[in-house]
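Written out below as structure tokens is the structure these notes cover.
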Amino acid sequence: GVRLVGVRALGRLERPALAEEIEPLLADPAPSVRAEAANAFAQSVQLGDGARVLSPLLGRASKEENPWVRGILARSLGRLRLSVEDRRRVSRALLALSRGDHNVDPPPEQLVGSVLGLEAFGRIGRDMPLGSAVEARLHELARYRSGDSETDDPRPARVREVALAALGARGLLGGKEVRDALADADARVRWAAASALARWPEPAPLDLVDITLGDSLARVRTEGVRALSVGLRDAAHCSRLTWAAGGDVDAGVRSMALDALGMPCPAAAAAMAVLERVAGSLPADPSGLWQPAAHAFLSLSRVDTGRARTLLPRFVVHANPFVRSYAARAATLLSDPQALLTLASDTDANTRAEALDGLARVRGHSVDSLLVVALANDDAPQVLMAIAPDLADTERRADARDAALATLQRLGRTGQETLRDARLALMDLVGAMGGPDDAHQVEPFLRDRDPAVAERAAHVLARWTGEPYLAAPRPPARLPLPTPTELRDMEHGEVVLTLQRGGSIRLRLLPFQAPTTSHRLYSMVRAGTLDGLTFHRVVPDFVIQGGSPLANEYAGNGAFTRDEVGLTVQWRGTVGVSTRGRDTGDGQIYINLVDNIRLDHDYTILGVVISGMDAVDAVLEGDGIARATFDPGG
């Protein structure tokens, strides 16, 4: 156990120089340690050239006998960034690992790892040849069947799904192959085939799109709508989008189709009628189903400004803050400064951010005085990040500089690391507005608690003066580590998210894979921090994300946590932590709606949904968490 945790930690540091410390553990007696060592070896070069670790991994792959470890070796080899010649060596090894001995399919645990390796090999080297042998093997795996019942074993279907995804990403799937996959009994396989249609070299064949639109699962229909939304569209494509926008039973599918109708559509009359009808159906109740109406209204604002203007007042005064933020976006499209001025003083920070940025777009620098006042007094990071670029070429240079400096100092006193993005935007504005005479006001930031802010201050000072400056940040306060008692508590208990619109989601934490991020969520739940917060980001067939105190990407909770990436695949239902760069976990969580394997090795997984995926699938933008509790009994 100690060797396993130690080698995992070495890999997470992502320092190529530590590869020599990891290499001996590739031959450890324990399979679990060998697997972690292979993963750590690849993680040590995650951000750079993989040639340093290639030969040891290939050597271990030729000797390894454990099927599971062989699968991990395939995953590790597939994600290395390599030259064309080294990729040829990897392709041969991946093909061998995917076939097993005597050209017989290996055990499922090895085959899943191998197909994940092949997928990463194609994705990371997307600008390099895949190779005819690799392509042929992926086509074989897209038809893979285990020979046994798949009812209780997801692995054979995952092999088919990942192979289809790898081929679809490169436009290598044919119509018959997609048609066969769309008839698969497993939803994962149907989803992978449907998502390939959006990447079709030409407009997707309508007979295949129609199959997706008739599927029983919303995530498959979503991909059909996505396929209709890209590229050139004719009247037949638009009629199907119009039907989905007005007739699909799932609000998320309808909203996506309504978004697509915001682009010019040959079947304009029918599309306009649906947009106007749905936009006009906005419920007065702030807890009602507002999302389709908001999406329809935004699209209507793009394609029929006259009709949209008549509806704008209802959205501007709506009690739901998410609706008002849509009103601000629409008012920008409609060039309505009066509505934007009203929304610029909204109690909701997201609405203020949209409205102030919209005013800058509609009125230009005539509203700079209003932006400067907001810059000096508003602490919401999304507001500051929206308006700082709008002031980058203002004539009120001294006012903008002074406001940015005052807010930088004020936010710095909070000690909240998760304000980094806003503070960097402010420092950039100071750099653009100030000069050498202001150096004494920026020099204190060289010792800021946030090393990124300190480095940016050094850059600004060097540019102003032509002299080098050294950032010397003070160590930030770290979050407490979990105690042994808390680790056991997390291992045996469950987090329960009770949703305001009904339903609940139960999560099992992974405290021995991601101890600090699991502990952070555990502590926030026990403190009641998540109660009343929202899922502010819902991306169809990707993730739902929530837990921000201001319902925004850039408003987190306190200090950052380090990444704790590992071997767990980002399958549907896994729970991760939101970041904006390495080691910037901000307390927000996301739940994977589909298998998002491209997120592997870059984002920390802290838990898994063990019940309530139907509630996860039903979450819409702005849905609230009534309360979050910890059930110690599990």
Can you find, within region 508-542, the residue that is nearest to residue 478 (Cα to Cα) among those that are part of a loop (DSSP other than H, G, I, E, B) and aliphatic (A, V, I, L, M)?
514
If residue 465 passes every condition in (1) surrounded by fewer than 21 Cβ atoms within 10 Å (Cβ to Cβ); (2) modelled with pLDDT under 95 but one, which one does it miss?
(2)
Considering only strands (runs of 3 or more DSSP E) fully contained in region 545-621, which possess at least 1 residues that are touching a helix residue (DSSP H, G or I) at 6+ places or on another chain (Cβ under 7 Å) and farther than 26 Å from residue 419 by Cα?
605-611
Evaluate region 64-79: report whether one residue or more is farther than 23 Å from residue 119 by Cβ and either open to solvent by less than 30 Å² (accessible area, probe 1.4 Å) or not in a helix (DSSP H, G or I) (or both).
yes
Looking only at region 108-143, which residues are closer than 20 Å to residue 86 by Cα and either in a loop (DSSP other than H, G, I, E, B) or among the polar types (S, T, N, Q) (or both)?
114, 125, 126, 127, 128, 129, 130, 131, 132
Give me the residue from region 96-114 that is among the hydrophobic types (A, V, I, L, M, F, W, C) and out of contact with any helix residue (DSSP H, G or I) (no Cβ under 6 Å at 6 or more places or on another chain) and, out of that set, surrounded by the fewest Cβ atoms within 10 Å (Cβ to Cβ).
104
Considering only residues that are of a type in the set (Gly, Ala, Ser) and within 21 Å of residue 562 (Cβ to Cβ), which ones fall in region 473-498?
477
Which one is modelled with the lowest pLDDT, of the residues in region 88-111 that are among the aliphatic types (A, V, I, L, M) and over 7 Å from residue 71 (Cα atoms)?
104
Scan region 522-548 residue by residue and report those that are more than 18 Å from the chain's Cα centre (by Cα), within 25 Å of residue 482 (Cα to Cα) and not polar (S, T, N, Q).
522, 524, 525, 526, 527, 528, 530, 531, 533
Return yes or no: is residue 251 buried (at least 23 other Cβ atoms within 10 Å of the Cβ) and within 24 Å of residue 620 (Cβ to Cβ)?
no
Residue check, residue 261 against (1) in contact with a helix residue (DSSP H, G or I) (Cβ under 6 Å, 6 or more places away or on another chain); (2) closer than 24 Å to residue 624 by Cα, all met but one. Which one?
(2)
Selection count, region 403-457, where residues are acidic (Asp, Glu) and either part of a loop (DSSP other than H, G, I, E, B) or closer than 23 Å to residue 553 by Cβ (or both)
6
Single condition residue 416 does not satisfy, out of (1) at pLDDT 95 or above; (2) open to solvent by 30 Å² or more (accessible area, probe 1.4 Å)
(1)
Candidates 166, 185 - the one that is aliphatic (A, V, I, L, M), assigned to a helix (DSSP H, G or I) and either at pLDDT 95 or above or closer than 26 Å to residue 617 by Cα (or both)
166
Scanning region 173-223 for residues that are within 24 Å of residue 130 (Cβ to Cβ), touching a residue at least 60 places away in the same chain (Cβ under 8 Å) and open to solvent by 20 Å² or more (accessible area, probe 1.4 Å) gives 188, 191
If a residue has to be touching a helix residue (DSSP H, G or I) at 6+ places or on another chain (Cβ under 7 Å), in contact (Cβ under 8 Å) with a residue 40 or more places away in the chain and open to solvent by 50 Å² or more (accessible area, probe 1.4 Å) to count, how many in region 279-302 make the cut?
2
So which pairs qualify, if the first residue must be in region 518-533 and under 17 Å from residue 608 (Cβ atoms), the second must be open to solvent by 20 Å² or more (accessible area, probe 1.4 Å), the Cβ gap must be under 6 Å, and the two must be at least 6 apart or on different chains?
519/482; 525/630
Any residue that is touching a Ser or Thr at 6+ places or on another chain (Cβ under 6 Å), of a type outside the set (A, V, I, L, M), modelled with pLDDT of 95 or more and on the phi < 0 side of the Ramachandran plot - is there at least one of those in region 552-568?
yes
Picking from 398, 349, which residue would you name as being crowded, with 19+ Cβ neighbours inside 10 Å, in contact (Cβ under 8 Å) with a residue 24 or more places away in the chain and under 29 Å from residue 454 (Cβ atoms)?
349
From the residues in region 560-581 that are in contact with a Gly (Cβ under 7 Å, 6 or more places away or on another chain) and of a type in the set (A, V, I, L, M), which one is farthest from residue 424 (Cα to Cα)?
575
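Yes or no, residue by residue, for (1) among the aromatic types (Phe, Trp, Tyr); (2) more than 22 Å from the chain's Cα centre (by Cα); (3) under 20 Å from residue 257 (Cβ atoms):
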| position | (1), (2), (3) |
| --- | --- |
| 152 | no, yes, no |
| 176 | no, yes, no |
| 215 | no, yes, yes |
| 229 | no, no, yes |
Considering each of 559, 555, 618 in turn, give the residue that is open to solvent by 10 Å² or more (accessible area, probe 1.4 Å), among the aliphatic types (A, V, I, L, M) and touching a Pro at 6+ places or on another chain (Cβ under 9 Å).
559
Only listed residue being in contact (Cβ under 8 Å) with a residue 24 or more places away in the chain and open to solvent by 20 Å² or more (accessible area, probe 1.4 Å), chosen from 381, 389:
389
Here is a check on your reading of the model: is residue 216 over 20 Å from residue 140 (Cβ atoms) and at pLDDT 95 or above?
yes
Check 375, 411 and return the single one that is touching a helix residue (DSSP H, G or I) at 6+ places or on another chain (Cβ under 7 Å), over 23 Å from residue 341 (Cα atoms) and of a type in the set (A, V, I, L, M, F, W, C).
411
Subset of region 543-552, residues open to solvent by 20 Å² or more (accessible area, probe 1.4 Å) and polar (S, T, N, Q), comes to 552
Is it the case, given these coordinates, that residue 97 is outside any helix (DSSP H, G or I), closer than 24 Å to residue 7 by Cβ and either touching a residue at least 24 places away in the same chain (Cβ under 8 Å) or among the hydrophobic types (A, V, I, L, M, F, W, C) (or both)?
no
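The values are calculated or read from the model by the stated rules, or taken from the named source; none is laboratory data. This structure is a prediction, so every number in the text was calculated from the model and none was measured. All Cβ positions, glycine included, derive from the backbone under ideal geometry; neighbour counts span all protein chains shown. When the accessible area is computed, the model is the full protein with side chains, heavy atoms only, and any ligands, DNA or RNA have been set aside. Shrake-Rupley method; radii C 1.70, N 1.55, O 1.52, S 1.80 Å.
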